[in-house]
Amino acid sequence: METRRITISDIAQRKGQDPLVAITAYDYLTAKIVDSIVDIVLVGDSLGMVVQGHTDTLPVTLDHMVYHTTNVARALSRAHLVADMPFLTYQSDTPTAVRSAGRLLAEGRAQAVKLEGGTAMASTISKLVDVGIPVMGHIGLTPQSVNAMGGFRVQGRTAKARHSILEDAMAVEDAGAYSIVLEGIPTELAQEITQRLTIPTIGIGAGSSCDGQILVMPDMLGLNHDFKPKFVKHFADLQTTITNAVTHYAQEVTSRAFPAAEHTFYAKADPAKTGPVEVPRLDN
Ligand code: KIV
């Protein structure tokens, strides 16, 4: 198992090799768990939905992203860390984009940023790359354009839309991005883009031909039974696990079964033991 930090060149070299494994994270503890397992950790602006409880990602601010990115960064020693640029922090003009992306690297300690958009974002991507900020592109279903798309809908189903997404993919690569997320597009289109591009494609709802896959961690852990779109697989059922654990805890608190003697401090001797009381983390 690789123990040094995974860089953009490592990611680029995985084109056409073993699929890249990517996942989102938003906090220190879960990032620490996945650090040695996945190649890429994305602090996604999906945090607006799965952490903050909004119906879309638009309310997420740059301060939110910097805060969550620093928490995740402290946990990682191996996985490559990418931070999402939130809505309106890069679309208006290039100097704003450079300042926003710069904060995600300088304060958040991300190794790269991700931004949504193809042809329209090419000059911004190119400027970021020129000033030393690696960029992961994101095309197809771009959640920050939820209002323009009329909902979270699969993109690229008509010949015209397919052509436009292909052009987006090539514009992102030509602008200097080191990888690209393909979200919510037909598998045939994802396959064509993956074959045409020299940078790795990372799919979500884009079929199995991509050079890697990404899922939103709370989705794949089954934390929310109310959200199960077709592209998500529940690899665990944490909603049920947490429900059962907290119900059990509530029962033990109300019945006074918890805390038991082994969870309790005593002024003198522990009645449950003959020897001295061992208190590993607290002094009294
Ligand atoms: O915000 C996010 O989590 C993302 C992934 C779904 C790719 O953009």
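A few comments on the model shown:
- A count restricted to the range 11-54 and to residues that are open to solvent by less than 50 Å² (accessible area, probe 1.4 Å) and either more than 26 Å from Thr142 (Cβ to Cβ) or in a loop (DSSP other than H, G, I, E, B) (or both) stands at 9.
- So Gln213, is it away from the ligand (no atom under 16 Å from the Cβ) and in the same structural domain as Glu116 (by TED's automatic domain parsing): no
- When each of Gly108, Gly137 is tested for being in contact with a helix residue (DSSP H, G or I) (Cβ under 6 Å, 6 or more places away or on another chain), assigned by TED's automatic domain parsing to the domain that holds Pro229 and within 27 Å of Thr187 (Cα to Cα), the lone residue that passes is Gly137.
- Just one of the numbered conditions (1) touching a residue at least 24 places away in the same chain (Cβ under 8 Å); (2) open to solvent by 20 Å² or more (accessible area, probe 1.4 Å); (3) in a loop (DSSP other than H, G, I, E, B) is not true of His225: (1).
- Residue that is farthest from the ligand (Cβ to nearest atom), among those in the range 24-54 that are under 21 Å from Gly212 (Cα atoms) and among the small types (Gly, Ala, Ser): Ser36
- Among residues of the range 228-254 being assigned to a loop (DSSP other than H, G, I, E, B) and open to solvent by 80 Å² or more (accessible area, probe 1.4 Å), the one that is nearest to Met49 (Cα to Cα) is Lys228.
- Among the residues listed as Thr69, Thr89, the single one being touching an Asp or Glu at 6+ places or on another chain (Cβ under 9 Å) and of a type outside the set (A, V, I, L, M, F, W, C): Thr69
- Residue that is surrounded by the fewest Cβ atoms within 10 Å (Cβ to Cβ), among those in the range 78-114 that are of a type in the set (Gly, Ala, Ser) and closer than 22 Å to Ile202 by Cα: Ala112
The values are calculated or read from the model by the stated rules, or taken from the named source; none is laboratory data. Bear in mind the structure is a predicted one, so any value in this text is a computation, not a measurement. All Cβ positions, even for glycine, are placed from backbone atoms using ideal geometry, and neighbour counts span all protein chains on display. Heads up: the accessible areas ignore ligands, DNA and RNA and are worked out on the full protein's heavy atoms, side chains in. Shrake-Rupley method; radii C 1.70, N 1.55, O 1.52, S 1.80 Å.
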